[in-house]
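Read through the structure below, which is laid out as C-alpha cells, and then see the notes.
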Amino acid sequence: MRLLLSSLFYRSPFKDLQKHANKARECARLFKEAAVCHIGEECKEFDLLTEQVARIESEADDIKRNIRSHLPRGILMPVDKFQFFDYLKEQDKVLDEVEDAMFWLSFRPRGIPDEVAADILHLVQAVIPPIERLPDLVTLATEYFRSKSEAQRTKMKSLIRDIRQYEREADLLERELKFKIFSTIKDPLVVFHMIRLVEIIADIADHAQNASDRMRAMIAR
C-alpha cells in the first residue's frame, strides 16, 4: 500500500526543501566570514559579502515561493502540509535574520567597539552550528518519510536535541553579552545598536531551533 500511495505523489517538496536548507547553510557561512572580517577593523570585502548574502537569500526566497506554488491541493504528502509549511517558514527566517544582522553590522563601517568585539564574534560563531545542521536534518527527514525506519527517526531526534543545545548555548551568550554591553559602554546610541545587533544574531539560532521543533512535531507519534 505504501508503494501504491507513493506512486501518486507529485514531485516531492522535500527536494526543494533540501535546496532551501543548503542556501541557509551557505548564507550562514558567508555571515561568519563577514563578521570575522568586519569585527574590530574596517573590512574591504564586507560590502561584497553583504551582496552575496542578499543574493543567496533572494535565491532561497525563489525556492520557497516555488514550493508554495507547486503543491497541488490534492497532493498526497507523508506529513501534514501545514506542519511542512510551518517548518519552511522557520527555516526561511534563518536567512532573513542573517541578512538583517549583516545590515546592522554595516551601521558601523569601522567595526565593533573593542570592549565587546571578541564577545560578538563568539556569539556569531555560536549561532552557525545549528544552521549548518539544518540540511542534515532535512536529509534525514527525506529518508525517514520514505522508509519509516525507526533507526532513522532516532537519528533525527538526536540531531534535534543537538540543535536545541546549540540554541541554549547561544541564548546564554546573548544574556551575558547584553549585561556586558550595559556595564562597559557609556554611549546610549552605541548601547542601543549593540543590544539590537546581539538580539538579531541570537534570533538566528532561535529560528534554527524553531525549525527543528517543527520537524520534531512532524515525526511525532
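The values are calculated or read from the model by the stated rules, or taken from the named source; none is laboratory data. Note that the structure is predicted; figures quoted are calculated from it, not measured. When we count neighbours, we look across all protein chains shown, and the Cβ atoms used for this are built from the backbone with ideal geometry, even at glycine.
List of remarks:
- Scope segment 154-190; condition of a type in the set (A, V, I, L, M) and surrounded by fewer than 16 Cβ atoms within 10 Å (Cβ to Cβ); matching residues: LEU172, LEU189
- For segment 34-52, a tally of residues being modelled with pLDDT under 95 and either hydroxyl-bearing (Ser, Thr, Tyr) or crowded, with 16+ Cβ neighbours inside 10 Å (or both) returns 10.
- The lone exception for ILE75 - which of (1) modelled with pLDDT of 95 or more; (2) more than 28 Å from ARG175 (Cβ to Cβ); (3) aliphatic (A, V, I, L, M) it fails: (1)
- For ALA202: the one exception among (1) under 24 Å from ALA118 (Cα atoms); (2) surrounded by fewer than 21 Cβ atoms within 10 Å (Cβ to Cβ); (3) touching an Asp or Glu at 6+ places or on another chain (Cβ under 6 Å): (2)
- Enumeration of residues in segment 102-158 that are under 17 Å from the mean Cα position of the chain (by Cα), of a type outside the set (A, V, I, L, M) and farther than 12 Å from ALA35 by Cα: PRO129, PRO130, GLU132, ARG133, PRO135, ASP136, THR139
- Scanning segment 100-113 for residues that are assigned to a helix (DSSP H, G or I) and surrounded by fewer than 19 Cβ atoms within 10 Å (Cβ to Cβ) turns up ASP100, PHE103, TRP104.
- Test result for ARG196, over 23 Å from HIS20 (Cβ atoms) and either modelled with pLDDT of 95 or more or surrounded by 17 or more Cβ atoms within 10 Å (Cβ to Cβ) (or both): yes
- Scan of segment 142-158 for residues that are farther than 16 Å from ARG216 by Cβ and among the aliphatic types (A, V, I, L, M), ordered by number: ALA151
Residues checked against (1) touching a strand residue (DSSP E or B) at 6+ places or on another chain (Cβ under 6 Å); (2) among the charged types (D, E, K, R); (3) surrounded by 15 or more Cβ atoms within 10 Å (Cβ to Cβ); (4) part of a helix (DSSP H, G or I):
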residue	(1), (2), (3), (4)
ALA126	no, no, yes, yes
ASP136	no, yes, yes, yes
TYR144	no, no, yes, yes
ALA217	no, no, no, yes
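- Restricting ILE195, ILE204 to residues that are more than 30 Å from LEU140 (Cβ to Cβ) and β-branched (Val, Ile, Thr) narrows the list to ILE195.
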